[in-house]
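Participant: One structure, pasted below without further comment.
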Amino acid sequence: MAGTIGVTSGMAQNRQTPPALFDRALLHARQRRAQAQGAVSFLLDRVAEDMSDRLAAVMREFHAPADLWTPGEGLKVLHARLPAMARIAIDAAGAEKLPFAPESLDLVVSALALQFVNDLPGVLAQVRRALKPDGLLLAAMIGGDSLTELRQAFAAAEAECEGGVSPRVAPFADLRDIGALLQRAGFALPVTDVDRVVVRYGNAFALMQDLRRMGAANVLILRRRTPSRRATLLRMAEIYAERFADADGRIRATFDIIWLSGWAPHASQQQPLKPGSAKASLAEAVKKAGKE
């Protein structure tokens, strides 16, 4: 019942890698249900506006763009600027193999989707191969300390009422994780930053309702399959209010939006200096500064 948005760097199930975390077929079904019921889109709207501004700062035109797995019409604001943008929706099976030919795109964007990927290194590598030289990836995903309040409240309530803790909120990647994955996938000039959004609610149940209407309810493969006990849910809401309420009684919910960008390598891009190519000695500069 609790909402969950998260990310893993684990790859598809095999002997070399850990099991997948997310049931992406269930994610597809829940996103479709959320759209049918009227999705809660304030986070997605914020990301779409920010993405539009970030792309406006890039002084170039894109002729072969693609939107990767953004829920619903989340990036509709970009359609006027990028009328040729192909939209790749998550399919019913939740497959993570991308339908892009090598060097076929000059821009890939994605909004609030990559946190649900089981093989994030593999997906980033596929995007990198699909980009033409000097093509751009620009994406936003949930990460960092998102939903830390809900995670803590549920853990404390379950430990107190049931003597154990079940997976409620998936683990999230942080800035360093994402930066390292961009480099590992072969992107040049990787950049990451975080936009922290704190949302206030009347109670924990209002937060959980919003998460369901975002299509972001628990899709962990190891999620609890039996209904949550009423006593545990009520105690969770009490603990949430005790620990994370403001003076007016409204509770806080943290969402960290991690932005990531990287370019497919190209000879025109700025290159790091080769070791030993510096014309000035750091030691000499420090010594000179000390004398002054």
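The values are calculated or read from the model by the stated rules, or taken from the named source; none is laboratory data. What you are looking at is a predicted structure, and each value in this text was computed from that prediction instead of being measured. Please note: Cβ atoms are built from the backbone with ideal geometry, for glycine as well, and neighbour counts cover all protein chains shown. These area figures cover heavy atoms from the full protein model, side chains too; ligands, DNA and RNA do not enter into them. Shrake-Rupley method; radii C 1.70, N 1.55, O 1.52, S 1.80 Å.
Participant: Those residues that are open to solvent by 10 Å² or more (accessible area, probe 1.4 Å), in contact with a helix residue (DSSP H, G or I) (Cβ under 8 Å, 6 or more places away or on another chain), outside any loop (DSSP other than H, G, I, E, B) and of a type in the set (A, V, I, L, M), I need them from segment 146-190; list them, please.
Facilitator: Listed by number, the residues that qualify are 156, 181.
Participant: Moving on. Going through 147, 124, 120 one at a time, which residue ends up being closer than 20 Å to residue 244 by Cα and under 17 Å from the mean Cα position of the chain (by Cα)? Walk me through how you get there before you give the answer.
Facilitator: Values: 124 fails: closer than 20 Å to residue 244 by Cα; 120 fails: closer than 20 Å to residue 244 by Cα.
Matching residue, one of 147, 124, 120: 147.
The rows are residues; the columns are (1) modelled with pLDDT of 95 or more; (2) open to solvent by less than 20 Å² (accessible area, probe 1.4 Å).
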residue	(1), (2)
207	yes, yes
215	no, yes
221	no, no
228	no, no
232	no, yes
235	yes, no
239	yes, yes
245	yes, no
248	yes, no
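Participant: Restricting to segment 164-183, give me the number of residues that are in contact with a Leu (Cβ under 8 Å, 6 or more places away or on another chain) and farther than 29 Å from residue 251 by Cβ.
Facilitator: 3
A quick yes/no check of all residues on (1) closer than 15 Å to residue 139 by Cβ; (2) surrounded by fewer than 12 Cβ atoms within 10 Å (Cβ to Cβ); (3) touching an Asp or Glu at 6+ places or on another chain (Cβ under 6 Å):
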residue	(1), (2), (3)
32	no, no, no
48	yes, no, no
57	no, yes, no
74	yes, no, no
84	no, yes, no
90	yes, no, no
103	no, no, no
108	yes, no, no
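Participant: Answer with yes or no whether residue 61 is in contact with a Ser or Thr (Cβ under 9 Å, 6 or more places away or on another chain) and either surrounded by fewer than 23 Cβ atoms within 10 Å (Cβ to Cβ) or modelled with pLDDT of 95 or more (or both).
Facilitator: No: the conditions fail for residue 61.
Participant: Give me the pairs, please: first residue somewhere in segment 206-220 and within 15 Å of residue 154 (Cα to Cα), second residue anywhere and modelled with pLDDT under 95 and among the hydroxyl-bearing types (Ser, Thr, Tyr), beta-carbon distance under 6 Å, and either six or more positions apart or on two chains.
Facilitator: From residues that are within 15 Å of residue 154 (Cα to Cα), the pairs are 218/4.
Participant: Since residue 54 meets every condition but one in (1) over 18 Å from the mean Cα position of the chain (by Cα); (2) within 17 Å of residue 263 (Cβ to Cβ); (3) part of a helix (DSSP H, G or I), which condition does it not meet?
Facilitator: (1)
Participant: Being part of a loop (DSSP other than H, G, I, E, B) and touching a strand residue (DSSP E or B) at 6+ places or on another chain (Cβ under 8 Å) is the filter here; which residues of segment 58-70 pass it?
Facilitator: 58, 62, 63, 64, 69, 70
Participant: Taking segment 126-143, which residues are under 16 Å from residue 182 (Cβ atoms) and of a type outside the set (D, E, K, R)?
Facilitator: 126, 127, 130, 131, 135, 136, 137, 138, 139, 140, 141, 143
Participant: Looking only at residues in segment 117-133 that are open to solvent by 10 Å² or more (accessible area, probe 1.4 Å) and touching a strand residue (DSSP E or B) at 6+ places or on another chain (Cβ under 6 Å), which one is modelled with the highest pLDDT?
Facilitator: Result: 132.
Participant: Looking at (1) crowded, with 20+ Cβ neighbours inside 10 Å; (2) assigned to a strand (DSSP E or B); (3) not aliphatic (A, V, I, L, M), can you tell me which one residue 193 breaks?
Facilitator: It fails just one condition, (1).
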